[in-house]
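Participant: Just dropping this structure here.
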Amino acid sequence: MLPEWPRAHGAVLGSAILKQSPEDFVVEEQLDIEFSGEGEFDWLWVEKAGRTTEQVAKELARHAGVGGRDVAYAGLKDKQAVTRQWFSVHLPGKPSPDWATLAATGVNVLRSQRHQRKLRHGAHRGNRFSLCLREVDAEPAAIEQRLQLIAQRGVPNYFGEQRFGFDGDNLNRARAWLSGQARAPKRFQRGIYLSAARAWLFNQQLAERVVQGCWDKALGGEVFALEGSNSQFADDGDAALAQRLERGDIHPSAALPGRPGGLLPQGAAAAFEQRVLVAEAELCQGLVAQRVDAARRATRLMVQDLSWQLGEEGQLHLAFALPKGCFATVVVRELFDNRR
């Protein structure tokens, strides 16, 4: 079982049901691109419901008569949701299939374009979410106040529970493998388990920062992450950094452990991380042994274009955008105890 990581904005306001049906959780990938209109790749704008991204990729490969490696996507999307995202299919010397005849349950190709390049993992800039929470049991005034606080200050940038598998199974399997108690998994599962291990280590650091009240405040020697960018930079003592942090232009960061490299925190920030990670030395060493490169992730998530509407019959409609790699569920958990 996963722990109940601490919340930043106080106790939950009540309860609500999330994902009563796939239509209650709509995700639309945000990717800016100008298509060439020619080339070896079909780019497909696909809507799916009740299917994983991997399942859809296999269906597209089958329909096109190509191998699984010939289908690419920018990121994984939720299964229990209605999602729209791009795929690319490599078709060198081949005409485009009739995508309108794709017979796959829960999959609909909305648009196709020829392009000269393959879709790269992580190429999207983020995702837009439209959520409907049902049977909301909380005071409307308290919900309004909490949402205004989230819009202003953001939320802790936890990895969502889905990163760890059902009841944390992916994390448990990662521990067994990296400690030598289980055989190495297949290639696809290997990536999932390594991601779960790093997400756990990050969440543990972030949880302690929430407890200490510094998830959105700087420690001495911080490595800062720039809002809306992959750029990071070290604390140079500039007095203007405090104002930038207050505005949400920059954020503190925490480690995604692996082989040493890149910017490292110093002073109080470094001591803080080491104090948390020493309890997970075996997991950290396992990531190094698997040649995973260390990285960093912002500890604060600013919720972009947040809007809401309290509907009839205990419904709350939320709409917002998040950068890639961030989870809508960590926004909702600052409001409610989610029942599914």
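The values are calculated or read from the model by the stated rules, or taken from the named source; none is laboratory data. These numbers come from a predicted model, not from an experiment. With ideal geometry, Cβ positions are generated from the backbone for all residues, glycine too; neighbour counts draw on all protein chains shown. Heads up: the accessible areas ignore ligands, DNA and RNA and are worked out on the full protein's heavy atoms, side chains in. Shrake-Rupley method; radii C 1.70, N 1.55, O 1.52, S 1.80 Å.
Participant: Please state which one of Asp137, Asp98 is acidic (Asp, Glu), open to solvent by 20 Å² or more (accessible area, probe 1.4 Å), at pLDDT 95 or above and over 24 Å from Asp32 (Cα atoms).
Facilitator: Going through Asp137, Asp98 in turn, just one is acidic (Asp, Glu), open to solvent by 20 Å² or more (accessible area, probe 1.4 Å), at pLDDT 95 or above and over 24 Å from Asp32 (Cα atoms): Asp98.
Participant: For segment 186-204, name all the residues that are touching a Pro at 6+ places or on another chain (Cβ under 8 Å) and open to solvent by less than 20 Å² (accessible area, probe 1.4 Å).
Facilitator: Leu201
Participant: So which of Leu310, Leu287, Leu316, Leu322 is in contact (Cβ under 8 Å) with a residue 40 or more places away in the chain, farther than 21 Å from Asn157 by Cβ and crowded, with 20+ Cβ neighbours inside 10 Å?
Facilitator: Unique residue meeting the criteria: Leu316.
Participant: Among the residues of segment 291-301, which ones are open to solvent by 30 Å² or more (accessible area, probe 1.4 Å) and of a type outside the set (Lys, Arg)?
Facilitator: Within segment 291-301, Asp293, Ala294, Ala295 qualify.
Participant: Looking at (1) surrounded by 15 or more Cβ atoms within 10 Å (Cβ to Cβ); (2) under 24 Å from Phe320 (Cβ atoms), which is the only condition Ala61 fails?
Facilitator: The one condition Ala61 does not meet is (2).
Participant: Now for a different question. I need every pair where a residue in segment 262-276 that is more than 17 Å from Ala295 (Cβ to Cβ) has its Cβ under 9 Å from the Cβ of a residue that is open to solvent by 60 Å² or more (accessible area, probe 1.4 Å), sequence separation at least 6 or different chains.
Facilitator: Filtered contacts from segment 262-276: Phe272/Glu208; Phe272/Gln212; Arg275/Glu208.
Participant: Evaluate the following for Gly237: is it more than 30 Å from Lys19 (Cβ to Cβ), without any contact (Cβ under 8 Å) to a residue 24 or more places away in the chain and out of contact with any Ser or Thr (no Cβ under 9 Å at 6 or more places or on another chain)?
Facilitator: Criteria met by Gly237.
Participant: I would also like to ask the following. Identify the residue in segment 64-76 that is free of Cβ contacts under 8 Å to residues at least 24 places away in the same chain and within 22 Å of His124 (Cβ to Cβ) and, among all such residues, is most open to solvent (accessible area, probe 1.4 Å).
Facilitator: Restricting to residues being free of Cβ contacts under 8 Å to residues at least 24 places away in the same chain and within 22 Å of His124 (Cβ to Cβ), the top hit is Arg69.
Participant: Within segment 205-248, track down each residue that is surrounded by fewer than 17 Cβ atoms within 10 Å (Cβ to Cβ), assigned to a helix (DSSP H, G or I) and in contact with a Phe, Trp or Tyr (Cβ under 9 Å, 6 or more places away or on another chain).
Facilitator: Listed by number, the residues that qualify are Gln212, Arg244.
Participant: Sticking with this structure for a sec: When Trp45 is evaluated against the numbered criteria (1) modelled with pLDDT of 95 or more; (2) out of contact with any Leu (no Cβ under 6 Å at 6 or more places or on another chain); (3) open to solvent by 20 Å² or more (accessible area, probe 1.4 Å), which criterion, by number, is the only one it fails?
Facilitator: (2)
Participant: Is it the case, given these coordinates, that Ser15 is more than 30 Å from Asp337 (Cβ to Cβ), in contact with a strand residue (DSSP E or B) (Cβ under 8 Å, 6 or more places away or on another chain) and among the hydroxyl-bearing types (Ser, Thr, Tyr)?
Facilitator: no
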